[in-house]
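Comments concern the structure below.
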Amino acid sequence: MPSFSVGAGSLGGPFFSSIGAATIPVMNALVLAVDRWHAGFVGAYGNTWIETPWVDRWAAEGCVFDQYLIDSPRLETLYRSYWHGLHAMTDASPGGADPSLADQLAESGVHTALVTDEPAVRSHALATGFAERIELPGPAAEGPAEAVELTHLGTCFARLVEWLETAPQPFLAWCHWRAFGQVWDAPFEWRARWVEPGDPEPTAEVRVPCRHLEKDYDPDELLVISYAYAAQAVVLDSCLGALAELLETTSLGRRTLVVLLSVRGFPLGEHRRVGSVDDALYGELVQVPLIIRPPEDAQALRAQVLVQPPDLWATLLDWWGLARRSGPTCAASLLPVVRDQARLPPALPMGPPGPARWPGAEEQP
């Protein structure tokens with residue numbers, strides 16, 4: 001795993017924080033939103049050919065949601081769902097809804113921070129409610145990194161660890177990494193570990209592929225792409241291992257709800273597509289990983305209920321015991337499921353009858 005240093009910081013403080021006249025428990029939430037992460041490269045979702053021990057461990061310590069479907073491939077619309085609880089098919093203006101997630105938490109004394117390398121997320125209209133907005137520079141990689149800590153994702157996680165060591169508590173830290181959609185700079189030898197006799201040799205290309213495949217495409221072309229993608233999956237897993245060390249060796253681990261999710265999937269040859277070529281609404285784009293790991297001891301759970309982005313908004317409000325201020329929405333807290341206390345009510349339909357088209361499906365962020 002990356003050799004990120006873990007310092008003492010201010011993590012040994014009291015478990016309670018005074019906010020106004022009230023005293024509330026210091027409970028935190030850490031959202032790790034990884035863009036373009038394919039469910040087929042996660043052990044908890046059936047992957048058997050690459051090792052992702054840290055992701056698998058977090059899955060074994062929390063709840064894996066098998067039917068998590070994003071409600072839009074556009075970041076602007078998707079983050080309205082995450083931060084306002086409004087489904088992508090909802091026409092309601094955000095002005096008539098609850099305060100944004102960050103605003104409502106701030107009113108309750110929860111410190112909020114957005115850590116991202118994605119300008120479209122940092123500049124989102126609802127991002128202004130975060131007390132801190134930490135924008136990380138984009139990658140400058142021209143070739144594979146010499147070590148995992150030198151990859152772009154490794155530097156992003158190192159910055160997160162640095163922030164966590166002195167973070168005001170209670171906090172919500174929302175981290176959005178461009179990850180698999182930005183640059184594939186895993187060490188070159190990591191790509192070669194899956195090569196068998198007769199297989200094509202991996203390349204040192206770090207640019208993310210984005211194209212349609214011809215009907216008679218060469219399978220070796222797709223295999224080389226898969227090597228590079230798999231190496232990036234191992235980079236992510238290694239970075240999660242470094243973060244897990246921080247959680248396990250400080251009091252953060254006993255106070256922090258961790259949400260690990262994919263923002264959007266990444267086609268790897270399915271339907272003859274590679275990458276975000278047109279964001280066609282197939283399963284490899286919309287059905288993505290979601291793992292929620294509570295700080296308390298929990299048994300490994302799998303949930304088959306349909307989950308969508310607005311549910312995360314409801315879950316985070318519920319984590320701090322905050323009530324919604326508007327009427328019924330399509331969002332439901334996932335905490336009862338995570339704690340194996342209840343099942344979600346039947347899911348609402350994703351949209352009105354008619355062609356499956358989400359707002360802005362043809363556009364890129």
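Values quoted throughout were computed directly from the atomic coordinates according to the rules given, and no laboratory measurement underlies them. Predicted, not measured: the structure shown is a model, and the values here were computed from it. Glycine also receives a Cβ, built like all others from the backbone with ideal geometry; neighbour counts cover every protein chain displayed.
DSSP bridge analysis restricted to the stretch 23-338 gives an antiparallel fraction near 25%, rounded to the nearest 5.
The 3J(HN,Hα) values that the Karplus relation (6.51, -1.76, 1.60; θ = phi - 60°) gives for the stretch 209-219 are, in residue order, x, 7, 6, 7, 9, 5, 4, 9, 5, 7, x Hz. Gly and Pro appear as x. Work through the residues other than Trp58 whose Cβ is under 11 Å from its Cβ and net out their charges, Lys, Arg +1 and Asp, Glu -1. Value of the local net charge: -1. Derived scalar couplings between HN and Hα for the stretch 288-302 equal 10, x, 8, 10, 10, 10, x, x, 6, 4, 9, 7, 5, 10, 10 Hz in order, rounded to whole Hz, by the Karplus curve 6.51 cos²θ - 1.76 cosθ + 1.60 (θ = phi - 60°), x for Gly and Pro.
Close amide H contacts of Ile50 (hydrogens built in the peptide plane, cut-off under 5 Å, sequence separation of 5 or more or a different chain): none are found. The H on the amide N of Asp117, modeled in the peptide plane, is under 5 Å from the matching H of Leu136, His176, Arg178, each at least 5 residues off or on a different chain. Taking amide hydrogens as placed 1.01 Å from N in the peptide plane, the amide H of Val277 sits under 5 Å from those of Arg211, each at least 5 positions away in sequence or on another chain. Computed on the stretch 77-176, the Cα convex hull volume stands at 107 Å³ per residue.
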